[in-house]
Structures are given as C-alpha cells and as structure tokens.
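Below you'll find the structure, written out as structure tokens, and then a few comments.
Every number here is computed from the coordinates shown, using simple stated rules; none is lab data. Keep in mind the model is a prediction, meaning the values are calculated, not measured. Every residue, glycine among them, receives a Cβ derived from its backbone with ideal geometry; neighbour counts consider all protein chains shown.
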Amino acid sequence: MTFDYDVLWTPNFNTHVTHSMAFLTSNTPLDVVKHLVLIAVAGLLLVLGFFYVYLPMSTHHGETITVPKVTGMNVADLEKYLDERNLNYFVDDSSYSPNIPPFTVLVQDPAPGEKVKEGRKIYLQVSMKNPPVIKMPKLTDGSSKNAMLILKSYDLVVGQLQMVPDLASGAVLKQLVNGKEIAPGAPIAKGTKVDLVVGDGQGNQTFAVPRLIDMPEDEAITLLVGQGLQKGEVFEQPAEQGQTPGTVVRQRPAAGPDATIRMGQLVDIWIAR
C-alpha cells in the first residue's frame, strides 16, 4: 500500500490544525475569571441547596410540637398518649411520697408548653410503689424540736408526742414505732410514723402509790397513765382461790399509807390467769 503525501499534506489540513491549536491555547485572563466565577456560583448553589433544601426536608426543620402536661398522670397511660403526639418518654428518677399513688409522674423535662421536635424524649420523675428503707436516726437525749427536724430530713413522719414526768424538760426519752421502741440504726421505711416520749420537767413530784389490787388489768393500766406513771413489767401467775382471772393480784411498788412514788416511775403488776 502506498500513500499520496501530496494529498495528506494540504493547506486545508494545516488550517484545521492551526484552528484547533488556537482553540486550546486561546484562554485569556478574562476567560479564566469567567470560569472561576462559574465554579464559585455552582459551589454556592450546592451549599445553599444542602442547607435550605436537603436538610429541612430530611430533618423537618421548623416543624415543632408543643410539650403536653403529663405530671399527675400514671406512667401506664403515657405510651399511647405520647405516641399520638409523636413524642417519647424516659423515666430517669423516682421518689417516694405516702400521699401520692405509685407510678404517678411528679416532674417532667421539658416543661409543659415548650416547643420540641418530633420524637423528642420527655424525661420523667415518678413516685415509687414501695418506700426506700433507711437507718433509724438517734433521737433520744436531744430536744423534741431537734428530733422533729431530724425526722423531717429523713422523710419520716412525726407521730404522737407523749409527755411524761421527767426532770429533763423537752428531752426525747424514747423513740417508738407502733408502740415499740426502735433502736438507732434499725431499718425503717421512709414515711413511717415515729412517736416520741418527751420529758415534761416535773419528775420531782411525788404522791401516794395507787392501789391496783383486784382491779382488771386494763383499768389498772389506765389509772397508772392517768396519774403520770408508766406500766412496767406485766407478769402472769395462776389464779388462786378467791382471785378473779384477769385482775391484778400483786404490784411493785406496793401501795400503803406511807408509800410514795415519783411521777414517771414504773409500776410492775402481776395478773391472775
């Protein structure tokens, strides 16, 4: 095969090559500036589209929900209630109150009326079903006023104040739960009622020992309390001939013309059975 070089190398061919080279090398400073401006405008449009079109569509920008009031509601009713409003909840704290039903919402965050996005969690504090158990504080040997402050700080309830004759005026002599002494450090549930036995400062008063023999047990104890005395030990013994079961057959100290007793002292009794 042979080539006709005269045909390939023609003036027209030179012209086309010249024009092509001119196109590739004809960029002027003005052309460069135009290209940079176009690139900058395209970049700006991409940024604006991302922040003002894509993000609002994907995150529901501007769409908010007003937080409803859920305090006072029971947790069992919350899931459906909040699902209908496109909200969630999370219980992150709890406390005990004897006057509030268990699982009642006490505190919520965010507060009612605040604006939030769909799906936002509402953090809750609810009331506990069972009170937490703590250690009983020591109240004896201190004043009754101080004891009341301590009980309140421990979330315990002040019960009855029983005043008894004693020289230590206003001092707590005993701490009781359900009529029985409770020692410091013993386990006790929050909200428990604690009674206090307090001295009235009149422990130096004396009077004749009351006679309890042949009295029914309950009447004898009522008489002791009415005279400012305390029931001591109660012993039982078989009823002898002539003795009525359930009555006092012996007491200590014994009653007598010259027998005296000081207010607040203990009196032991023996009951016939």
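Here are a few things to note about the model shown:
- Computed over the stretch 74-159, the ratio Rg/Rh where both radii use C-alpha atoms and Rh is Kirkwood: 1.18
- Entry note: the stretch 144-228 has Rg to Rh equal to 1.07, where both radii use alpha-carbon atoms and Rh is the Kirkwood radius.
- The modelled label-to-label distance for the pair GLU118/ASN178, using points 7 Å beyond Cα in the direction of Cβ, is 5.5 nm.
- Equivalent-ellipsoid semi-axes for the stretch 178-273 (Cα gyration tensor, √(5λ), whole Å, largest first): 29, 20, 10.
- Relative contact order %, the stretch 91-245, counting alpha carbon pairs below 8 Å whose residues are six or more apart: 21
- Applying D = kT/(6 pi eta Rh) to the stretch 29-178, where Rh is the Kirkwood radius over alpha-carbon pairs, T corresponds to 20 °C and eta to 1.002 mPa s, the Stokes-Einstein value obtained is 100 µm²/s.
- Unit charges on C-beta of K, R, D, E only; dipole of the stretch 146-273, Debye: 360
- Simple point charges give the picture: +1 on the Cβ of Lys and Arg, -1 on the Cβ of Asp and Glu, and for the stretch 106-149 a dipole about the Cα centre of about 80 debye.
- For the stretch 161-267, averaging the sequence separation of C-alpha pairs within contact (under 8 Å, six or more residues apart) and dividing by the residue count gives a relative contact order of 34 percent.
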